[in-house]
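S.K.: Got a structure here, written out as structure tokens. Questions coming.
The values are calculated or read from the model by the stated rules, or taken from the named source; none is laboratory data. Keep in mind it's a predicted model, so treat the numbers as computed, not measured. When we count neighbours, we look across all protein chains shown, and the Cβ atoms used for this are built from the backbone with ideal geometry, even at glycine.
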Amino acid sequence: MDLSYGEAAEAFRAEVRAFLSSHWPPPSDLRGADLKAFVRAFRGLATERGYLYRAIQKRYGGSEQPVDVIRAQVIREEFSRVRAPMEVGGNGMNMTVPTLLEKGTDEQKELFIRKTLEGDYIWGQGYSEPGAGSDLASVRTKGELSADGSKWIINGQKIWTSQGMQATHMFMLVRTEPDAPKHDGITYLLIDLDQPGVTRRPIRQMTGEEGDHTFCEFFFDNAETPVSWQVGTRGQGWYVSRTTLKHERASIGGADGLGRQFAKLVELAKEVGRIDDPLVRDRLVQIEGFVLAHRYSSYRIFSCAAAGEDPGTVPLMMKLLLTEIGHEMALLAQELIGEHGFIEPAGAGGRGHRGPRGPEKWLDQIMGSLGNSIAGGASNIQRNIIGERGLGLPRDLAMSGER
Amino acid sequence: MHFHLTEEQTAIQDAVRGTLADCWPIERIHAFADGEADFDRESWDALMALGLGGILAPDSGMGLLDAALACEVAGEAAAAGPLIGQMLAVAAGGGGHLDALANGDKVAALVHGGSTYVPCARAADVFLIVDRDAGIRLVPAGDGVAIETVKAADRTRPVSKVAIAEDAGERLFGPDDAMTARLADAALVLVAADALGGARKVTDMSVAYAREREQFGQPIGRFQGLKHQLAHMALDVEPARALVWYAAYAWDAGLPDAPRAAALAKAHLCDVYVRATRAAVAAHGGIGYTWEYGLHYWFRRAMFDRAWLGSPAEHRARAADLAGW
């Protein structure tokens, strides 16, 4: 075992550092549109140097670099050290672009990828519906061809769209073949959200979070999209949606957030004067055992990816592990904040306008940790995945149609 | 960056696994458990022939990670014999018996400072006393060592009651010598490795059973209630493997957080082991509650590992202190 990255990586690190020191941060008096333009130009330069959009071909605005998870990790570390912006985040980079790269037409790639990388197009995910959560293939939003066969006409409702208020476009699953078997009647469509047939509404969350940053629900009333914006074959959208980002996906950064949150929990114990309480110390170390198991497992996964070896079943467990640790931290935080928890924290969900916040700010984590058991594959679905794909247990009969 | 096993390490584990599978089929475990002995020469010689005794010898070119990988497989097989004591006695320099200990001719039992109970004491030629407060001693069996046989709960590594005179044997390291803390830490990592192996074994047994056993006309592993319990066992065990790796790596590399990593690994893995063995019995149902099926051997080992060398709570308290909280 060796946690250093090796000489070649350190030489590369020096190169990245040199680049960053001459191009970041922006002049301190830059504001508004000027700052935005600076960031855009910076991303362009960083892409030219091969630091960003490494999996994406040059013709679509990427840097087209060979797969190298160590280099990718060094880039992440160095950019994050000086808080330099990396690739634009969100569903566009995580979902739309990889899907288009694998399944899109040349026209779709030309139309959407560069605009997404440059942050001009923001994508909402149109998967969940009020009646389709974990059973995603039961979507009912309907797509019908226009009389001339040139457009899809969409009617129905989507929900839990993150960045919904900012989204310019959506990728969505719609039922186009009502008589086909469940998984074979769905088509994957891209749609421009700026049209009269689309209405969006923010969802107020249990944390109290609302407004521009929260999830949205979308209503489609004869919304339209060209047939040429359909990805993959008609009726095969379910399989298109299974496309995921494979390139350089392994990173050890995912564990950092959890580590930072644990450090804050220790700070909380100090702040409320409970750090000397043996029960609190015991609980903290108990939780830390899981936090470190998660962190070192991420090293393991990363190391296997760098060596091109199979990491086994651990990757299937990381999401549920993270969720469970979040619950444990929430329970201890609740104990620690005591009556501070009677107060609603300013800026609910940690996103709104906020003044000074005391220990009550942990209510954001205490409630927010529950979101993790639901979003991105509910915990009971994760347990099925571990049991079936990880341990080889027989598939649930009710779900045997899923692939 | 390398944080997974090399091909060579995997091959060594497979070799130890193969040897132990030959030595300890369940019938042999039953026979040993119902016998009087606290040691089995034949299986011991087989392990020593693989060179496990000498892994921590100063010139072996191997380290605590390699030792931990062997202990993990011993835990998986519920193997008899004081493997951890043997490895540590060699790591301590052997007190003049280095070669005989490294090749297994002499047997070393580990004595946790202040504890009355010592596994495999009746078979031991020497006792390695590891005591953070008093240092490290190597005491030959015989004068100054009184051994009383007791009926042991862990049938695979039976303890005896042992009293050792304070001035017996030779002091190898004083309490302030860095080697004392280092060997005490190494012991924790090796017990954590034993616990990892056992926890993984009972999880695998439970999964195999759930795939085979049918009720209501289908394999019980299809039922979500059980499937989710098994998923949680795996979730508890498999990510924890990296804690053992890290603790061993930190010890080998002499990292500043090695003592804390050892304490955390011991505390965490021993809790995992106890939870896994309890869950395994529950997952099996009636068959798991029988003596004959044998799950209880790992259950008993889990209880032993948990209490031996200090409980999880004790090591968590140490870990909190070591963090400077």
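S.K.: Hey, A:Q261 hits all of (1) free of Cβ contacts under 8 Å to residues at least 60 places away in the same chain; (2) more than 10 Å from chain B (Cβ to nearest Cβ); (3) assigned to a helix (DSSP H, G or I) but one; which does it fall short on?
M.R.: (1)
S.K.: Then there's this: Say we look at the stretch B:250-270 and pick out the residues that are of a type outside the set (A, V, I, L, M, F, W, C) and either more than 8 Å from every other protein chain (Cβ to nearest Cβ) or surrounded by 24 or more Cβ atoms within 10 Å (Cβ to Cβ) (or both); which of these is nearest to A:V291 (Cα to Cα)?
M.R.: Residue satisfying both the conditions and the ranking: B:H268.
S.K.: For residues that are part of a helix (DSSP H, G or I) and closer than 30 Å to B:A67 by Cα, tally how many sit in the stretch A:1-40.
M.R.: 1
S.K.: Additional query: For the stretch A:385-396, give me each residue that is part of a helix (DSSP H, G or I) and within 7 Å of chain B (Cβ to nearest Cβ).
M.R.: Across the stretch A:385-396, the qualifying residues are A:I386, A:G387, A:G390.
S.K.: Sticking with this structure for a sec: What are the residue pairs meeting all of these: first residue in the stretch B:291-318, first residue buried (at least 19 other Cβ atoms within 10 Å of the Cβ), second residue among the basic types (K, R), Cβ atoms under 6 Å, and 6 or more apart or on different chains?
M.R.: From the stretch B:291-318, the pairs are B:H315/B:K266.
S.K.: Looking only at helices (runs of 4 or more DSSP H) that lie completely in the stretch B:3-105, which have at least 1 residues being free of Cβ contacts under 8 Å to residues at least 24 places away in the same chain?
M.R.: Because the criterion is at least 1 residues that are free of Cβ contacts under 8 Å to residues at least 24 places away in the same chain, the helices (runs of 4 or more DSSP H) in the stretch B:3-105 that meet it are B:7-23, B:26-34, B:41-49, B:98-102.
S.K.: Here's another thing I want to ask about it. Being in contact with a helix residue (DSSP H, G or I) (Cβ under 6 Å, 6 or more places away or on another chain) and farther than 26 Å from B:A276 by Cα is the filter here; which residues of the stretch B:180-194 pass it?
M.R.: Correct list: B:L183 only.
S.K.: So, one more: Select from the stretch A:178-221 the residues that are modelled with pLDDT of 95 or more and among the polar types (S, T, N, Q) and list them in ascending order.
M.R.: Listed by number, the residues that qualify are A:T187, A:Q195, A:T199.
S.K.: Continuing with the same structure: From A:I56, A:I70, grab the single residue that is among the hydrophobic types (A, V, I, L, M, F, W, C), part of a loop (DSSP other than H, G, I, E, B), modelled with pLDDT under 95 and on the phi < 0 side of the Ramachandran plot.
M.R.: A:I56
S.K.: Could you list all residues from the stretch A:65-78 that are within 13 Å of A:G50 (Cβ to Cβ) and in contact (Cβ under 8 Å) with a residue 12 or more places away in the chain?
M.R.: Result: A:Q65, A:V67, A:D68, A:R71, A:A72, A:V74, A:I75.
S.K.: Got a sec? Which strands (runs of 3 or more DSSP E) wholly within the stretch A:137-225 have at least 2 residues that are more than 23 Å from A:I113 (Cα to Cα) and without any contact (Cβ under 8 Å) to a residue 40 or more places away in the chain?
M.R.: Counting at least 2 such residues, we get A:142-145, A:198-202.
S.K.: Answer with yes or no whether B:A21 is among the small types (G, A, S), farther than 29 Å from B:F299 by Cβ and either within 15 Å of the chain's Cα centre (by Cα) or more than 14 Å from chain A (Cβ to nearest Cβ) (or both).
M.R.: No, not satisfied.
S.K.: Quick check, is B:S160 within 30 Å of B:A21 (Cβ to Cβ), of a type in the set (S, T, N, Q), within 14 Å of chain A (Cβ to nearest Cβ) and touching a helix residue (DSSP H, G or I) at 6+ places or on another chain (Cβ under 6 Å)?
M.R.: No: the conditions fail for B:S160.
S.K.: Which condition number does B:F127 fail, the rest of (1) in contact with a Phe, Trp or Tyr (Cβ under 9 Å, 6 or more places away or on another chain); (2) within 21 Å of B:M48 (Cα to Cα); (3) in a strand (DSSP E or B) being met?
M.R.: Among (1) in contact with a Phe, Trp or Tyr (Cβ under 9 Å, 6 or more places away or on another chain); (2) within 21 Å of B:M48 (Cα to Cα); (3) in a strand (DSSP E or B), B:F127 violates only (1).
S.K.: If B:D59 passes every condition in (1) modelled with pLDDT of 95 or more; (2) closer than 30 Å to A:S303 by Cβ but one, which one does it miss?
M.R.: Status for B:D59: all satisfied but (1).
S.K.: Sort through B:A258, B:A247, B:A263 and tell me the only one that's touching a residue at least 12 places away in the same chain (Cβ under 8 Å) and touching a His at 6+ places or on another chain (Cβ under 6 Å).
M.R.: Testing whether each residue is touching a residue at least 12 places away in the same chain (Cβ under 8 Å) and touching a His at 6+ places or on another chain (Cβ under 6 Å) leaves just B:A263.
S.K.: Residue check: is A:G235 within 10 Å of chain B (Cβ to nearest Cβ) and modelled with pLDDT of 95 or more?
M.R.: Taking the combined requirement at face value, the residue does not satisfy it.
S.K.: Is it the case that some residue within the stretch A:87-104 is part of a loop (DSSP other than H, G, I, E, B), in contact (Cβ under 8 Å) with a residue 12 or more places away in the chain and more than 26 Å from A:D256 (Cβ to Cβ)?
M.R.: yes
S.K.: Does the stretch B:213-226 hold any residues that are more than 9 Å from every other protein chain (Cβ to nearest Cβ) and either under 18 Å from B:H268 (Cα atoms) or charged (D, E, K, R) (or both), and which are they?
M.R.: Passing the criteria: B:R213, B:E214.
S.K.: What number of residues within the stretch B:271-315 are on the phi > 0 side of the Ramachandran plot and either assigned to a helix (DSSP H, G or I) or more than 14 Å from chain A (Cβ to nearest Cβ) (or both)?
M.R.: 3
S.K.: Determine which member of the set A:A46, A:A84, A:A41, A:A55 is farther than 13 Å from A:L117 by Cα and among the aliphatic types (A, V, I, L, M).
M.R.: A:A84
S.K.: Further, regarding this structure: When only residues in the stretch B:196-221 that are polar (S, T, N, Q) and surrounded by fewer than 17 Cβ atoms within 10 Å (Cβ to Cβ) count, which is farthest from A:L397 (Cα to Cα)?
M.R.: If we take residues in the stretch B:196-221 being polar (S, T, N, Q) and surrounded by fewer than 17 Cβ atoms within 10 Å (Cβ to Cβ), then B:Q215 is farthest from A:L397 (Cα to Cα).
S.K.: Considering the stretch B:227-240 alone, what residues qualify as being more than 8 Å from chain A (Cβ to nearest Cβ) and either buried (at least 22 other Cβ atoms within 10 Å of the Cβ) or aromatic (F, W, Y) (or both)?
M.R.: B:M233, B:D236, B:V237 - these are the residues of the stretch B:227-240 that are more than 8 Å from chain A (Cβ to nearest Cβ) and either buried (at least 22 other Cβ atoms within 10 Å of the Cβ) or aromatic (F, W, Y) (or both).
S.K.: Could you list all residues from the stretch A:297-350 that are assigned to a helix (DSSP H, G or I), small (G, A, S) and facing another protein chain (nearest Cβ under 8 Å)?
M.R.: If the condition is that a residue be assigned to a helix (DSSP H, G or I), small (G, A, S) and facing another protein chain (nearest Cβ under 8 Å), then A:S297, A:S303, A:A306, A:A307 are the ones that fit.
S.K.: Output the qualifying pairs, or none if there are none: Cβ atoms under 8 angstrom, residues six or more apart or on different chains, first residue in the stretch A:266-285 and more than 16 Å from A:A330 (Cα to Cα), second residue surrounded by fewer than 17 Cβ atoms within 10 Å (Cβ to Cβ).
M.R.: That search, which allows pairs on different chains as well, returns A:K270/B:W325; A:I275/B:W325.
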